[in-house]
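Asker: Pasting in a structure now, in structure tokens, and then I'll have a few things to ask.
Throughout, read-outs are computed from the coordinates displayed, never taken from laboratory work. Computed from a predicted model, the values in this text were never measured in an experiment. With ideal geometry, Cβ positions are generated from the backbone for all residues, glycine too; neighbour counts draw on all protein chains shown.
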Amino acid sequence: MAYSDKVMDHYSNPRNVGSLNKADSHVGTGMVGAPACGDVMKLQIQVSDTGVIEDAKFKTFGCGSAIASSSLATEMLKGKTLDQATEIKNSDIAEELALPPVKIHCSVLAEDAIKAAIDDYKSKQGA
Amino acid sequence: MSVYLDNNGTTPLKEEVKEVIRQSLDVFGNPSSAHAEGQKARLALDHARRQVAQAVNVRSEQVVFTGSGTESNVMALRGFLNVCPHKRLITSPTEHSSVYNTAEVLKDEGFDVVYLPVDEDGVICLEALDKELSSKPTSLVSIMAANNETGVKQPIQKVAEICKKHGVKLHIDAVQLLAKEVIDFPTMGADSIAISFHKIGGPKGCAALILKNEVQMTSLITGGGQERKRRSGTENMLGIIASGEACAQVQKSIEDMPRLNSLREKMEQGILNITPDAVIVGQNAPRMDVTTCVMVPNTSAEMVLLSMDMAGVCISQGSACSSGRSVPSRVLTAQGFSEEMALAGLRISMAWHNTAEDVEKFLTAYDQTMSRMKIKKEKVS
Amino acid sequence: MKTPVYLDYQATTPTDPRVVEAMAPYWFEKPGNPHSRTHAFGWEAEEAVETARANIAKVIGADPKEIIFTSGATESNNMAIKGAAEFYGTDKKHIITVVTEHKCVLDSCRHLSEQGFDITYLGVEEDGLLDLQKLKDALRDDTMMVSVMHANNEIGVIQDIKAIGAICREAGVKFHTDAAQSFGKIAIDVNDMNVDVMSISSHKIYGPMGVGALYVRRKPRMRVRPIISGGGQERGMRSGTLPTPLLVGFGKAAELALAEMAAEDKRLTQMRDKIIHTIQDKIPHVFLNGHATKRLAGNINLSFAYVEGESLMMAIKDLAVSSGSACTSASLEPSYVLRALGLSDDMAHTSIRLGIGRFTTDEEVDFAIETILANVEKLREMSPLWEMVQEGVDLSTVQWAEH
């Protein structure tokens with residue numbers, strides 16, 4: 001499988017690997033995918049009181065594109081407001097990483113993970 | 001060094017091809033493997049496929065690599081017949097054994113096989129083709145572009161027009177034509193053609209079937225799904241790489257044809273001088289520039305061959321596939337020659353490596369052979 | 001040491017330099033069609049081909065006349081199954097095979113089932129071995145053939161061919177075995193094993209690609225209708241001009257394989273076990289797929305739980321390994337062979353095959369072990385599944401959002 005340089009970069013030097021305290025009320029956690037499908041993505045955001053994403057972390061079980069997609073997603077999330085974060089589309093990720101057609105689902109998964117993390121945060125806030 | 005004049009049987013490797021083989025002896029990856037060694041092989045495979053595609057003016061995806069010209073022909077016959085409800089094949093009695101013997105097997109299996117009549121040069125009767133196609137629904141027509149034993153060419157352009165008129169699929173065995181004339185597959189009007197690389201200075205064990213885009217047919221060898229699912233089996237990498245190079249030389253070979261044609265003219269004149277009652281088959285028919293089929297009455301081709309071989313000249317009788325057995329050539333008897341005459345049929349076929357000196361040596365050996373066999377009329381002093 | 005280190009010997013093997021040397025004269029000096037018996041070039045080629053045939057026959061205790069050259073094991077398997085069905089299939093329309101067979105065997109069977117044959121696909125045990133009782137139970141009066149591979153290409157498991165051969169002979173059923181992976185690596189005696197027809201490959205034993213063979217028993221006679229008809233080469237069983245240099249190379253490869261079989265088996269078994277044991281000792285949740293000892297000396301197939309196979313492949317790009325079989329590794333489907341062992345999809349996704357062989361060095365083995373250990377640990381650190389397992393979560397109880 002020929003990967004773009006950007007995928008290789010994110011895969012070899014993934015940004016923001018790790019975990020945030022999921023019990024923290026400022027942290028939203030999104031876990032999407034299934035082991036049987038070959039991809040599981042856990043994406044976490046830490047949101048400030050003003051609604052800005054201060055930190056983002058991920059752990060991903062999946063192919064190189066899935067790891068790169070989640071790594072890029074955490075980079076994109078940092079500094080964004082929740083509303084801006086909701087605007088992130090899978091196509092933004094796919095284009096940035098030049099994903100081949102068979103790997104587009106990885107970017108879809110990353111978008112789902114972002115949405116799930118935001119939803120989790122919002123539900124914690126009782127909004 | 002012997003003089004090699006059995007190039008319709010097989011050719012030696014071209015020097016350019018040998019060089020590519022030397023450089024590629026360490027290419028071993030399996031092109032289906034995702035790792036670097038596999039991808040290196042994949043690139044080499046793609047490159048060779050483009051070279052082959054260019055030689056017949058098609059796109060890469062129209063090239064299916066096979067293990068032999070025989071396999072290509074059998075694959076086309078069975079592949080097209082299997083997907084067509086009318087179990088009917090039209091071919092000719094002078095086809096290469098891979099088509100002819102497969103047609104015979106198909107007949108045993110219940111297919112309706114029609115052999116078109118041929119004239120004394122072996123050229124098929126086009127009216128008969130038209131009539132046969134009008135009479136019953138037919139699955140496939142399979143005709144060779146040029147005969148391996150006589151070099152006589154079939155009117156394939158006209159055959160294609162007739163097949164198109166009747167909407168019937170056409171396979172052309174172009175094994176002998178490749179590198180002797182320009183093959184422009186898109187304008188040929190065929191659904192498939194078979195080509196083989198050991199006839200053009202490439203290696204044995206590698207050939208191809210060229211297909212029209214999106215054509216419907218079954219596969220002969222199934223499994224891992226290589227060759228776009230048309231022909232399974234790990235690719236013959238060295239053979240394919242070498243074949244690509246052989247195809248890159250096709251234009252050069254074609255440009256060499258006038259030279260070989262004049263050599264052949266000299267040779268045939270020499271044969272007729274030594275044995276005036278020799279019959280050169282298809283002399284007045286459209287013929288490839290490199291092939292001579294000659295019958296000398298009251299001789300046995302087998303004996304002539306042995307004598308020539310001892311003099312260091314390699315020629316053949318009938319087709320290489322059936323030599324070693326003293327059966328009269330099916331091709332020659334189909335053209336109306338007697339069994340006795342057919343048993344005398346010799347084939348002399350040239351290629352790029354042959355020179356005027358080779359022709360001289362051939363004629364000297366031929367002269368000696370015929371004198372020894374008391375065929376040559378000694379001049380009365 | 002050159003990287004990437006080639007560890008994919010079940011996909012294909014590098015051509016042995018001695019094989020290259022043996023082929024060279026037939027590439028560069030000696031032209032000739034081995035079927036042209038009427039001139040000297042042809043004779044020389046024919047003699048070389050017959051020497052090769054004898055060398056191949058010797059490896060399996062066969063008569064040279066029983067060896068038919070083909071373009072490779074895929075063609076041989078097609079010929080053995082479709083060709084036998086053509087011959088015997090009028091009254092016997094049942095074939096027994098195994099779900100872990102090579103794709104070309106399964107595909108040939110599928111082809112026959114479309115033509116009215118009844119195919120029994122036997123499952124395998126967790127270790128990849130066939131339960132012989134299941135084979136016996138599957139035999140019927142109209143069973144024409146049993147086709148069971150000798151050694152599996154993905155998991156290296158070696159089936160008890162001798163026992164299967166005995167069962168088939170007793171039942172009067174023809175026995176085909178795909179020996180593409182075992183020929184030249186494990187001792188084979190077609191008479192002792194009662195094999196009727198056997199598929200053989202050249203490029204898996206350090207010979208050239210594009211050539212293979214089919215062993216076809218003469219006594220009691222095994223009949224196979226040719227799938228490539230024509231000029232009648234190979235005793236009428238397989239038409240087409242033979243590629244002399246490739247056959248000479250194949251013959252040389254067979255000769256070398258036989259001469260070096262015992263020593264090579266010993267060396268590779270030690271290497272194999274070192275790789276498996278070192279990795280399993282150093283990191284938990286690593287599973288060997290296929291029987292631990294009844295397997296090819298050169299085959300290692302490991303599942304690394306909580307690590308995804310493709311990303312592992314990327315991480316260990318200095319090692320040329322495969323996930324699944326070479327034919328399918330470009331696809332995203334988990335290997336059907338691993339699933340047949342009862343592996344769940346997620347475990348099947350985390351497996352890689354390491355194939356070692358004649359040119360694998362101790363240095364390469366050590367490098368492979370280190371590379372795998374380091375990267376599995378790194379990827380597990382990145383894996384949410386590993387994290388959950390560390391936290392004591394039972395993954396089987398988790399409700400996954402399937403996509």
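Asker: Label points 7 Å out from Cα along the Cβ direction at C:Trp43 and C:Phe359: separation in nm?
Answerer: 3.8
Asker: Running a GNM on chain C with Cα contacts under 10 Å, which residue among C:Val197, C:Val393, C:Val49 ends up with the highest mean-square fluctuation?
Answerer: C:Val393
Asker: For each of C:Leu354, C:Leu341, B:Leu133, count neighbouring Cβ atoms within 10 Å of the residue's Cβ, then give the residues from fewest to most.
Answerer: B:Leu133, C:Leu341, C:Leu354
Asker: Averaged over C:347-354, how many beta carbons belonging to a partner chain fall within 10 Å of each residue's beta carbon?
Answerer: Values: counts 2, 2, 8, 3, 0, 0, 0, 0.
Counting other chains' Cβ atoms within 10 Å and averaging over C:347-354 gives 2.
Asker: Let me ask another. Show me the GluC sites (Glu not before Pro) within region B:60-112 that DSSP assigns to loop and that have at most 16 other Cβ atoms within 10 Å of their Cβ.
Answerer: Answer by residue number: B:Glu109.
Asker: May I pose another question? How would region B:1-102 be classified by its alpha-carbon gyration tensor: rounded, prolate or oblate, with rounded meaning a/c under 1.5 and the a/b versus b/c comparison settling the rest? Mind showing how you got there, number by number?
Answerer: Numbers: a/c = 2.62, a/b = 1.31, b/c = 2.00.
Oblate shape, in that a/c is at least 1.5 and b/c is the bigger or equal ratio.
Asker: With runs of 4+ DSSP H residues as the only contributors, calculate the mean residue ellipticity of chain A at 222 nm using -39,500 (n - 2.57) per run, divided by the residue total and rounded to the nearest 500.
Answerer: Values: 5 runs with 57 residues, N = 127.
Taking each H run of at least 4 residues, the total per residue is -13500 deg cm²/dmol.
Asker: Give a quick list of trypsin sites (Lys or Arg not before Pro) in region B:53-160 that DSSP marks as loop, anything other than H, G, I, E or B, with at most 15 other Cβ atoms within 10 Å. List each step's numbers first, then the result.
Answerer: Numbers: sites: B:Arg59, B:Arg78, B:Lys87, B:Arg88, B:Lys107, B:Lys131, B:Lys153, B:Lys158; in loops: B:Arg59, B:Lys87.
Here the sparse-neighbourhood loop sites are B:Arg59.
Asker: Counting partner chain Cβ atoms within 10 Å of every residue's Cβ in B:20-32, what's the average?
Answerer: Mean shielding count: 5.
Asker: Once phi is turned into θ = phi - 60°, what whole-Hz ³J(HN,Hα) does the Karplus curve with 6.51, -1.76 and 1.60 give for every residue of region C:161-172, x standing for Gly and Pro?
Answerer: Values per residue, Gly and Pro as x: 5, 5, 5, 5, x, 5, 4, 5, 4, 5, 7, x Hz.
Asker: Related question: Search the structure for amide H atoms under 5 Å from the amide H of B:Gly223, placed 1.01 Å from N in the peptide plane, and list their residues when 5 or more places away or on another chain.
Answerer: Residues meeting the amide H criterion: B:Ser232.
Asker: Here's another thing I want to ask about it. For a footprinting-style exposure proxy, rank C:Thr350, B:Thr291 by other Cβ within 10 Å, fewest first.
Answerer: If I rank by nearby Cβ atoms, fewest first, I get B:Thr291, C:Thr350.
Asker: Suppose only helical runs count, i.e. DSSP H with n ≥ 4. What mean residue ellipticity at 222 nm does that imply for chain B under -39500 (n - 2.57) per run, divided by all residues and rounded to the nearest 500 deg cm²/dmol?
Answerer: Working: 14 runs with 153 residues, N = 381.
Computed mean residue ellipticity for chain B: -12000 deg cm²/dmol.
Asker: Next question. Calculate the dipole size of region A:5-126 relative to its Cα centre from +1 charges on Lys and Arg beta carbons and -1 charges on Asp and Glu beta carbons; express the result in debye to the nearest 20.
Answerer: In debye, rounded to 20, region A:5-126 gives about 300.
Asker: Magnitude of the Cβ-charge dipole of region C:207-286, K/R +1 and D/E -1, about the Cα centre, nearest 20 debye?
Answerer: Here region C:207-286 has a charge dipole of around 580 debye.
Asker: Counting helices only, and only those DSSP H runs with n ≥ 4, report the 222 nm mean residue ellipticity of chain C as the sum of -39,500 (n - 2.57) divided by its residues, in deg cm²/dmol to the nearest 500.
Answerer: Here the helix-only value at 222 nm equals -13000 deg cm²/dmol.
Asker: Counting Lys +1, Arg +1, Asp -1, Glu -1, what net charge surrounds C:Asn299 among other residues with beta carbon under 9 Å of its beta carbon? Walk me through the numbers before you get to the answer.
Answerer: Values: positive: C:Arg272, C:Arg295, C:Arg353; negative: C:Glu154.
It works out to a net charge of +2.
Asker: How much net charge surrounds B:Cys293 when only other residues with a Cβ under 11 Å from its Cβ are counted (Lys, Arg +1; Asp, Glu -1)?
Answerer: -1
Asker: Moving on. Name the residue farthest towards the positive end of the dipole of region C:17-257 from the options C:Ile227, C:His150, C:His111, assuming +1 on Cβ of Lys and Arg, -1 on Cβ of Asp and Glu, about the Cα centre.
Answerer: Of the candidates, C:Ile227 comes out farthest on the positive side.
Asker: Shifting gears a bit: Long-range amide H contacts for B:Val141: which residues qualify at under 5 Å (H placed 1.01 Å from N, peptide plane, sequence gap of 5 or more or a different chain)?
Answerer: The answer is B:Ile90, B:Lys169, B:Leu170, B:His171.
Asker: What's the angle, to the nearest 10 degrees (0 to 90), between helix C:17-28's Cα axis and the longest principal axis of chain C?
Answerer: Helix C:17-28 sits roughly 40 degrees off the main axis of chain C.
Asker: If a/c stays under 1.5 just call it rounded; otherwise compare a/b with b/c (prolate if a/b is bigger, oblate if not). Do that for chain B, with a ≥ b ≥ c from the square roots of the Cα gyration tensor eigenvalues. Walk me through the numbers before you get to the answer.
Answerer: Values: a/c = 2.15, a/b = 1.30, b/c = 1.65.
It is oblate, given that a/c is not under 1.5 and a/b is not larger than b/c.
Asker: Per Stokes-Einstein, at 4 °C and 1.567 mPa s, what whole-number D in µm² s⁻¹ belongs to region C:17-257, with the Kirkwood radius over Cα pairs as the hydrodynamic radius?
Answerer: It diffuses with D of about 72 µm²/s by this estimate.
Asker: Here is a follow-up. From the Cα gyration tensor of chain C, with a ≥ b ≥ c the square roots of its eigenvalues, which class applies: rounded if a/c is under 1.5, or else prolate if a/b is larger than b/c, or else oblate?
Answerer: Because a/c hits 1.5 or more and a/b fails to exceed b/c, chain C counts as oblate.
Asker: Now for a separate question. Using only Cα atoms, find the angle between the long axis of helix A:104-125 and the longest principal axis of chain A, and express it within 0 to 90 degrees, rounded to the nearest 10.
Answerer: Tilt relative to chain A: about 10 degrees.
Asker: Please list, in order, the residues from region B:159-177 whose amide nitrogen is less than 18 Å from a point placed 7 Å along the Cα→Cβ vector of B:Glu127.
Answerer: So the set is B:159, B:162-163.
Asker: Using each residue's phi in region C:271-277, evaluate 6.51 cos²θ - 1.76 cosθ + 1.60 at θ = phi - 60° and report the 3J(HN,Hα) Karplus result to the nearest Hz, with x for Gly and Pro.
Answerer: 4, 4, 5, 5, 4, 4, 5
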